[in-house]
Amino acid sequence: MRSIPGILLAAGGSERFGSEKLITRLPSGEVLIERALKVHLLSSISPLILVASPSLWRIIGEGAAFSTSTLRIEKRRNGWHSFSSRWGRGRIVVNEDSQKGMSSSIHKGLSCLRDKEQANGILISLSDLPLLTTGTIDFLIHRYVEEKIEILVPVFNDTTGHPVIFDMAAFKEDIARIEGDAGLRVLIKNYPERVTRVPWHDDSVTWDVDTPRDLERLARLG
């Protein structure tokens, strides 16, 4: 399967959770950011860019982020660091302006990609989707590549989910103008005729961990 670059957003606030939710332990024993990295690194994404908040970066640097593995931070290049893990390699960048919303993290992630890496499709995903699987990511990438789609979004019960894949070459100017928490919703709203909505069979593409009570559902699912 052909690979495409991916940006994994991990710089959002955790106000409703009450603490840094991405290092909360799941019933599986993994922490949330650990599972997110595993699921995305084992997929057809290449390269994977992890956009971290300053607080998450600090926790990773202290070696306290993971429970079943380690993330080795390596060379710094042009504002980002390379990293390696048991599931593969990637790049990590800190979004010092994370309070400006999701769009700032998308811009930060794109800045870590070389021009030739931005030539085709780019995947945007979230770190707080505990039910998302590698299989789902690969299915959506395959669909995007095979059908030459401009914007692909999974949909469950009329709710748009993640990951979203878009053709950077087709929307470069629009992407440059996004700001705040709107993210790629601006593209989806402004170009409905260029969006392919993929109906999904469950809420793994839409359900995120937002409060501690959400962990109770994971415990019930086993």
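Potential lengthening of the chain between ARG143 and LYS116 amounts to 7.6 nm, from the contour at 0.36 nm per residue minus the alpha-carbon distance. In this calculation the C-beta distance from ARG217 to ARG86 is compared with R0 = 25 Å, giving a FRET efficiency of 0.35. When the chain is modelled as a GNM with alpha-carbon springs shorter than 10 Å, which of GLY183, GLY109, GLY12 fluctuates the most? Judging by the Gaussian network model, the answer is GLY183. When each of the peptides 44-52, 78-86 is scored by the mean number of other C-beta atoms lying within 10 Å of its residues, the order from highest to lowest reads 44-52, 78-86. In summary, the lysines within cross-link reach of LYS116, defined as a Cα separation below 20 angstrom excluding same-chain residues under 8 places away, comprise LYS108, LYS148, LYS172. Take every pair of alpha-carbon atoms less than 8 Å apart whose residues are at least six positions apart; their mean separation over the length of the chain yields a relative contact order of 24 percent. State which stretch of the chain is the longest one without any exposed GluC sites (Glu not before Pro), exposure meaning a DSSP loop state and at most 11 other Cβ atoms within 10 Å. In short, 63-222.
As a test of the formula, what do you get for the chain when each DSSP H run with n ≥ 4 contributes -39,500 (n - 2.57) and the sum is divided by the residue count, at 222 nm and rounded to the nearest 500 deg cm²/dmol? After summing the helix terms and dividing by residue count, I get -8500 deg cm²/dmol. Taking the empirical scaling 2.2 N^0.38 Å for compact globular proteins as reference, segment 4-221 has a Cα radius of gyration ratio of 0.96. Extending 7 Å from the Cα toward the beta-carbon at both ARG197 and ALA169 defines two label points whose distance is 2.8 nm. Computed about the Cα centre, the dipole magnitude for segment 4-221 is approximately 640 debye when only Lys and Arg (+1) and Asp and Glu (-1) carry charge, each at its Cβ.
Full extension of the chain between ASP158 and ARG77 yields a length gain of 25.1 nm, computed as 0.36 nm times the residue separation minus the alpha carbon distance.
All of the numbers you see were taken from the coordinates with simple rules; none came from a lab. Everything numeric here is computed off the predicted structure, so don't read it as measured data. Cβ coordinates were reconstructed from backbone atoms using ideal geometry, including for glycine residues, and neighbour counts include every protein chain displayed.
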